[in-house]
Amino acid sequence: QVQLVESGGGLVQAGGSLRLSCVASGSIFRINAMDWYRQAPGKQRELVAIIVSGGHTDYADSVKGRFTISRDNAKNTVYLQMHSLKPEDTAVYSCHANINSRTTYGSKSGDYWGQGTQVTVSS
């Protein structure tokens, strides 16, 4: 079994910063892509940032230049550093990962989600 656990959400004023962390644990053979999604009330979930195993990153246009995604492969952890936060960044942020987990006879690929962490930006 593989689990993702996020931390680092909270309440911050507009213009402030937060750093989210997501730790993967369990029977992990290899972590492929890791990414962050967010969902605001009444809106569809959107992809915020992604980082693949080779280190390539991509971002939603709305966060480019303000958010940075990074990963520590030794710790099976992905981070989302958020600067210049705006009220419209308020949402539940969820970590997602595509992971090859160990099995008795090798490994299998699966998609895993964290429980989500609330980010609230006040104006």
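The values are calculated or read from the model by the stated rules, or taken from the named source; none is laboratory data. The model shown is predicted, which means the values in this text are computed figures rather than measured ones. Methodologically, a virtual Cβ is constructed for each residue, glycine included, from the backbone with ideal geometry; neighbour enumeration extends over all protein chains shown. These area figures cover heavy atoms from the full protein model, side chains too; ligands, DNA and RNA do not enter into them. Shrake-Rupley method; radii C 1.70, N 1.55, O 1.52, S 1.80 Å.
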Inset, instruction - Scan region 82-98 for residues that are surrounded by fewer than 16 Cβ atoms within 10 Å (Cβ to Cβ) and at negative phi and jot them down. - result: His83, Lys86, Pro87, Glu88
Legend entry - Filter pass, Ser94 being polar (S, T, N, Q) and within 15 Å of Gln39 (Cβ to Cβ): yes
Legend entry - Qualifying positions in region 23-37 - small (Gly, Ala, Ser) and within 12 Å of Val52 (Cα to Cα): Ala33
Inset, instruction - Find the residue count for region 2-41, including only residues that are open to solvent by 80 Å² or more (accessible area, probe 1.4 Å) and modelled with pLDDT under 95. - result: 3
Inset, instruction - Look at Val48 and say whether it is surrounded by 13 or more Cβ atoms within 10 Å (Cβ to Cβ) and not in a loop (DSSP other than H, G, I, E, B). - result: yes
Inset, instruction - Say whether the condition of being open to solvent by less than 20 Å² (accessible area, probe 1.4 Å), of a type outside the set (Phe, Trp, Tyr), under 16 Å from Trp113 (Cα atoms) and not in a loop (DSSP other than H, G, I, E, B) is met by at least one residue in region 63-75. - result: no
Inset, instruction - Working carefully through the options Ser62, Ser84, Ser94, Ser70, find the one that is of a type in the set (S, T, N, Q), closer than 15 Å to Asp111 by Cβ and modelled with pLDDT of 95 or more. - result: Ser94
Inset, instruction - Return the residue satisfying two criteria in turn: it lies in region 76-98 and is in a loop (DSSP other than H, G, I, E, B) and in contact with a Ser or Thr (Cβ under 6 Å, 6 or more places away or on another chain), and of such residues it is farthest from Gly54 (Cα to Cα). - result: Thr90
Legend entry - Residue selected from region 99-123 under the condition outside any strand (DSSP E or B) and either among the small types (Gly, Ala, Ser) or over 20 Å from Val5 (Cβ atoms) (or both), by the criterion most open to solvent (accessible area, probe 1.4 Å): Tyr105
Inset, instruction - For region 100-123, enumerate the residues that are in contact with a Lys or Arg (Cβ under 8 Å, 6 or more places away or on another chain) and either at pLDDT below 95 or of a type in the set (Asp, Glu) (or both). - result: Asn100, Ser101, Ser107
